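No value in this document is a laboratory result; all are computed from the given coordinates. Just so we're clear, the structure is a prediction, and the values are computed from it rather than from any experiment. Ideal geometry is used to build each Cβ from the backbone, glycine not excepted, and the neighbour counts take in all protein chains shown.
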Amino acid sequence: MLKYLSWIYQKARLLKDRTGTTLVEVAISVSVLGIMASTVPGVMVLIMDRQFQHNEEQIAENLTRSQFEFIKSQDYVWGNDTELYDYETGHWKRVTYNLVEPPSNYRIRVLADPINPETGEALNSGEDMGTQLITVTVFGYRYFTEESSNWLLRTTGYKLAQSPEITSYEVAH
């Protein structure tokens, strides 16, 4: 029994002796801080990437709005206009509108397809009933090539022909 009591006494003395404890605490603290600090660059890269994507999307949205307004200000180009017929190939050319000049890292593609205003279905080449489905596609910095299916923003809208037969109008009193 005396042997057992001396063993307990030695253990109790070791527990009271705190030499080296501070060194262990500092080593653990430095390890934890090192692990935390190593995640900061990864998080910063992720934040900067998201900010870049957000800026790119904002630019694409502004370009799209500008392009739609610019198309809206232009005269309606009829899809059955004889100037669009290519007599050499026997095919109708696609309706085109002038484009807004985008920044150097962006490209814009505009497609104007005549559609049936009642059903919304695409019309055959050379037919036009006064309504066109306009598709504006913006290719950004990351998706620079127009041939790529990786576009940044694609928006559709409509362009209606204005009736040229209106020669006068009345204002109700």
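Ranked highest first by average number of other Cβ atoms within 10 Å, how do 80-92, 29-41 line up? Write down the numbers at each step before the final one.
Working: 80-92: 11.2, 29-41: 9.4.
Highest to lowest by the protection proxy: 80-92, 29-41.
Assuming 0.36 nm per residue, please report the length gained on full extension of the stretch residue 22 to residue 162 beyond their Cα-Cα distance. Provide the component values of the computation, followed by the final result.
Numbers: separation 140, 0.36 × 140 = 50.40 nm, distance 8.46 nm.
Value of the extension gain: 41.9 nm.
If you plug each phi of region 33-43 into the Karplus form 6.51 cos²θ - 1.76 cosθ + 1.60 with θ = phi - 60°, what whole-Hz ³J(HN,Hα) values come out, in order, with x for Gly and Pro?
Calculated HN-Hα couplings, in order: 5, x, 5, 5, 5, 6, 7, 4, x, x, 5 Hz.
Quick one: 3J(HN,Hα) in Hz for region 152-159, Karplus 6.51/-1.76/1.60 with θ = phi - 60°, rounded, Gly and Pro as x.
So the Karplus estimates, Gly and Pro as x, are 8, 8, 10, 10, 10, x, 10, 10 Hz.
Which far-off residues, 5 or more places away or on another chain, put their amide H under 5 Å from the one on residue 85, with H placed in the peptide plane?
HN-HN under 5 Å from residue 85: 93.
Would you mind putting 56-69, 94-107 in packing order, based on average other-beta-carbon counts within 10 Å, highest first?
Numbers: 56-69: 17.0, 94-107: 14.4.
Answer by packing, highest mean first, reads 56-69, 94-107.
At 7 Å along the Cα-to-beta-carbon direction for both residue 50 and residue 96, put a label point, then send me their distance in nm to one decimal.
Inter-label distance under the simple model: 4.2 nm.
Residue 154 versus residue 83, label points 7 Å from Cα toward the beta carbon: distance in nm?
3.0 nm
What is the sum of charges around residue 159, taking Lys and Arg as +1, Asp and Glu as -1, for the other residues whose C-beta is under 13 Å from the C-beta of residue 159? Write out the running numbers ahead of the final one.
Numbers: positive: 72; negative: 69, 75, 113, 128.
Residues close to residue 159 contribute a combined charge of -3.
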